[in-house]
Amino acid sequence: MKVCIVGASGKLGKYMVQHCLDLGYEVVGVCREKSVGKLVDYQDKMTILPGATNDRALIKKALDGCDGVLTVLVPWGVQQYASGTAQAVLDFAKPGARLIFSCGWHITRDNQDIYSRSLKFQVVIGRWIGRITRLLELDDQVEACDRIFKSDSKWTVVRGSDLEEGESQGLPVWSQHVGDPLLESNMTRRIDFALFMVDALVKDDLIQEAPAIVGCQTPSALAHHQ
Ligand SMILES: NC(=O)c1ccc[n+]([C@@H]2O[C@H](COP(=O)([O-])OP(=O)(O)OC[C@H]3O[C@@H](n4cnc5c(N)ncnc54)[C@H](OP(=O)(O)O)[C@@H]3O)[C@@H](O)[C@H]2O)c1
């Protein structure tokens with residue numbers, strides 16, 4: 001399996017690089033030029049293509065021959081970074097490739113998610129601060145996901161809970177909707193978020209799904225997972 005990781009130098013990206021290498025996959029990573037150094041430990045084990053993840057020519061080159069694409073969707077700046085990245089991946093992935101995207105619980109596919117007051121509040125504040133500082137464009141991550149949901153490609157949008165660092169606890173469990181008691185603990189180890197993203201490459205039951213995930217050892221997962 002040849003896999004491209006778009007946004008390979010971030011925390012989630014590096015965990016995904018490690019998981020893919022552990023599985024013996026051939027790995028191509030895209031990251032900002034100034035972040036190439038963050039991948040120094042992997043430079044002999046993968047191909048690194050420096051540049052912005054919404055650079056269409058770069059993404060076209062990076063996705064060449066890839067069977068799977070793992071994309072870290074981030075709403076940085078005010079240049080439609082997330083939607084530009086998602087669109088480039090949708091446009092240039094090889095037909096039939098598995099496309100896995102990351103985002104948070106705040107993204108909803110069908111408006112059937114039930115959000116806590118605190119999560120709604122966080123989104124309002126994030127949107128407001130992002131707009132004022134011009135550092136964050138949360139609505140563009142929503143736009144990116146809407147385009148993915150409308151695509152007929154083999155996509156999966158993995159919606160992460162709050163994240164923490166720590167040793168792996170195993171593959172997170174998931175539900176189609178936020179509000180499910182299974183997800184109540186709202187915590188996943190970042191290393192396991194990455195594990196779920198990589199595992200989704202070979203999970204046909206996740207094609208055209210938007211799983212909301214939570215750590216498998218959290219109290220709500222232990223209480224409610226079948
Ligand atoms: N943080 C959370 O609590 C949380 C919760 C739920 C879901 N998620 C989702 O998890 C994914 C990863 O999030 P994370 O918080 O763990 O972050 P992360 O892995 O550190 O990834 C951040 C990414 O954004 C890039 N980036 C940072 N600043 C940028 C800028 N100014 N312009 C362009 N790119 C920039 C980083 O690239 P460089 O390496 O080049 O800096 C990196 O690829 C995202 O899809 C996020 O929506 C996060």
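Values quoted throughout were computed directly from the atomic coordinates according to the rules given, and no laboratory measurement underlies them. Given the structure is predicted, the values throughout are model-derived calculations rather than measurements. When we count neighbours, we look across all protein chains shown, and the Cβ atoms used for this are built from the backbone with ideal geometry, even at glycine.
What is the stretch 1-132's relative contact order, in percent, from Cα pairs under 8 angstrom and six or more apart in sequence? Don't jump to the answer; show the numbers that get you there.
On the way: 197 pairs, mean separation 29.3, N = 132.
Once divided by the residue count of the stretch 1-132, the mean separation gives 22 percent.
Based on C-alpha pairs under 8 angstrom that are at least 6 apart in sequence, the stretch 2-224 has a relative contact order of 20 percent. Take the Cα of F149, go 7 Å toward its beta carbon, and the backbone nitrogen atoms of the stretch 166-206 under 17 Å from that spot belong to 175-180. The simple Förster model, with R0 at 25 Å and r as the Cβ-Cβ distance, assigns L23 and D204 a FRET efficiency of 0.90.
The fewest-to-most ranking of V30, V142 by surrounding Cβ atoms within 10 Å reads V142, V30. Packing, as the average of other Cβ atoms within 10 Å across residues, places the peptides 195-204, 176-185, 216-225 in the order 195-204, 176-185, 216-225, highest first. Between Q122 and K38, the C-beta separation translates, for a Förster distance of 30 Å, into a calculated FRET efficiency of about 0.65. Of the cross-linked pairs K2/K61; K11/K120; K61/K203; K38/K203; K11/K150; K14/K34, which ones have a Cα-Cα span greater than 20 Å in the structure shown? Listed pairs above 20 Å: K11/K120; K61/K203; K38/K203; K11/K150. Normalised by 2.2 N^0.38 Å, where N is the number of residues, the C-alpha radius of gyration of the stretch 2-224 stands at 0.96. Cut-off under 19 Å on the C-alpha distance; same-chain residues fewer than 8 positions from K94 excluded. Which aspartates and glutamates are left, in chain and number order? Reachable aspartates and glutamates: E26, D55, D64, D67, D152, D204.
Counting only DSSP H runs of at least 4 residues, each contributing -39500 (n - 2.57), and dividing by the residue count of the chain, the helix-based mean residue ellipticity at 222 nm comes to -10500 deg cm²/dmol.
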